[in-house]
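First comes the structure, then the notes that go with it.
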Amino acid sequence: MKVLVIGSGGREHALAWKLAQSERVQAVFVAPGNGGTARLPGAHNLALTDPAALADFAQAEKIVLTVVGPEAPLAAGIVDLFRARGLRIFGPTKAAAQLESSKAFSKAFMQRHGIPTARAQTFADAQQAHAYVDAEGAPIVIKADGLAAGKGVVVATTLAEAHAAIDDMLGRNTLGVQHNAEGARVVIEEFMSGEEASFIVIADGQQVVALASSQDHKRVGDGDTGPNTGGMGAYSPAPVVTPNVHARVMQEIIQPTLAGMAREGMPYTGFLYAGLMIDAQGHPRTVEFNCRLGDPEAQVILMRLKSDLFEVLMRATEGQLDDVELQWDRRTALGVVMAAAGYPAPPRKGDVITGAASAAGDDLVVFHAGTALVDGQLRTSGGRVLCVTALGDSPRLAQQRAYEGVRAIRFEGAHWRGDIGHRAIRH
Ligand code: AMP
Ligand code: GLY
């Protein structure tokens, strides 16, 4: 059978890598893919991004399953388009993807259904927003309503920062947020303290099956310093998600979300990612929802998944998740992102990468993101270039193995964090 993966990042390389391992999968097409998927046995890159052209391809090639990696095509309605043409696709509809594409929608949804999250209010009017911030005080969190490629959130430690963020988001839009139909809006919410974790499930509209827990490192610098990025590294499992926390997240966040979306006529199908803040008492609250797998969380989660992902996603698209039980490698997976010069600002591109192929082994996979094969030579083509992902019997051993892999790879301007997994190692 042939499958299609949409996207070009490390998450999509990991999806293609895992799907290609299924005995039932004969070919994986990745659109548009990257230098890693170009070299992956059984995979083929496809230079297409237009949803209608992708649907034409799926029809002509008799693709049995399409899996969507990133949020942008989901928010644009690619699932609706494929389904209207009778094509099987795993992901949320445009309406359901609002859980990620609109912070205002997702906040109001959580409030309607009593799902634990930070107290918040939404504003279109800058004056009212400024007054609210003055009344609440700092620290406080300002979020643009609309897709912002991870840059639409300001955790303001002072009132001045909060006021500036409101002016940016409701006025100049210096962050380049893609506004929703309602125009520019901000969600202003209470600052939550605690430890973050990523909790991702596979949903079929009614039922869910939870993936292994993980934790991402969003800041560019060691010790969680510097600007936010898409994620500089991750590991799975996250010790902060104890069995008790897991049960609470399922009961208090995931199940009410699935039930609420179904009741409101937008049954949720696809990967659902709850970003959690877990306080010292083990009480989980939702920071955000994403309508997709995380990147680089997908790399570490899929490295540990022993079950056949193709079979599971086929079941999910049939609404048959009830008797699915996933098998996991008991080891820790840990992934270190190697980024290009300049990242998270617009990165330099075109640097030659060496050592990426020889670094891999049974317990080490180099997932590609911003890479391209140019005349047979691997070059950087984006901000996050590679995610070097290793398995180990403990977080520390997985960390050692991943950094051995990192040290075998070279490109001009490469930078990475040296402390991925530090919270798990401290635990
Ligand atoms: P988001 O895009 O909503 O995930 O926000 C990006 C990051 O900002 C999160 O991963 C958190 O580290 C931080 N953040 C967002 N909302 C809050 C909040 N209410 N309290 C504390 N930190 C937050
Ligand atoms: N790594 C965070 C995300 O994918 O949103």
Discussion item. At 7 Å along Cα-to-Cβ for each site, give me the label-to-label distance between D393 and E264 in nm.
Written reply: 4.8 nm
Fill in: Quarter of Cα convex hull surface for region 140-256, i.e. mean projection, nm²
9.0 nm²
Item to complete: Could you work out how far apart the two model spin labels at D279 and N228 are, taking each label as a point 7 Å from the Cα in the direction of the beta carbon, and quote it in nm?
Response: 2.2 nm
Response to the item:
Pseudo-spin-label distance R410 to Q377, built 7 Å along Cα→Cβ, given in nm, is 1.4 nm
Item to complete: Considering only lysines 8 or more places apart in sequence, or on different chains, count the pairs in the chain whose C-alpha atoms sit under 29 Å apart.
Response: 28
Worksheet item: For A164 and A53 in the same chain, what is the full-extension length gain: residue separation times 0.36 nm, less their Cα-Cα distance, in nm?
Response: 35.8 nm
Item to complete: Divide by every residue of the chain the summed helix terms, -39500 (n - 2.57) for each DSSP H run of at least 4, and state the resulting mean residue ellipticity at 222 nm, rounded to the nearest 500 deg cm²/dmol.
Response: -8000 deg cm²/dmol
Response to the item:
Against the 2.2 N^0.38 Å rule of thumb, the C-alpha Rg of region 260-329 sits at a ratio of 1.30
Worksheet item: Measuring with a 1.4 Å probe in the full set of protein chains, what accessible area per residue, in whole Å², belongs to the chain?
Response: 40 Å²
Fill in: Rotationally averaged projected area of region 337-416 (alpha carbon convex hull; nm²)
4.9 nm²
Practice prompt. Take the alpha-carbon centre of region 118-134, take the same for region 236-271, and report the distance between them in whole Å.
Written response: 29 Å
Item to complete: Could you pull the accessible area for I115 with a 1.4 Å probe, rounded to 10 Å²?
Response: 10 Å²
Item to complete: Could you rank E412, E190, E196 by how accessible they are, 1.4 Å probe, largest area first?
Response: E412, E196, E190
Discussion item. At most 11 other C-beta atoms within 10 Å and a DSSP loop state: those are the exposed trypsin sites (Lys or Arg not before Pro) I care about. Give me the longest piece of the chain that has none.
Written reply: 120-305
Discussion item. Could you work out what % of the accessible surface of the chain is carbon and sulfur, using a 1.4 angstrom probe and leaving DNA, RNA and ligands out of the count?
Written reply: 49 percent
Fill in: the chain: radius of gyration over Cα atoms, expressed as a fraction of 2.2 N^0.38 Å
0.94
Fill in: Local electrostatic count, I353, Cβ distance below 15 Å [Lys/Arg +1, Asp/Glu -1]
+4
Practice prompt. Please tell me the relative contact order of region 5-105 in percent, rounded to the nearest whole number, where contacts are Cα pairs under 8 Å and at least six residues apart.
Written response: 22 percent
Discussion item. Please compute the Kirkwood hydrodynamic radius over region 1-62, one decimal place, Å, based on all pairs of different Cα atoms.
Written reply: 11.3 Å
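The values are calculated or read from the model by the stated rules, or taken from the named source; none is laboratory data. All of these numbers come straight from a predicted model, not from anything done at the bench. Positions of Cβ are backbone-derived with ideal geometry, glycine not excepted, and every protein chain shown enters the neighbour counts. Protein only, heavy atoms only, side chains kept; ligands, DNA and RNA dropped before computing areas. Shrake-Rupley method; radii C 1.70, N 1.55, O 1.52, S 1.80 Å.
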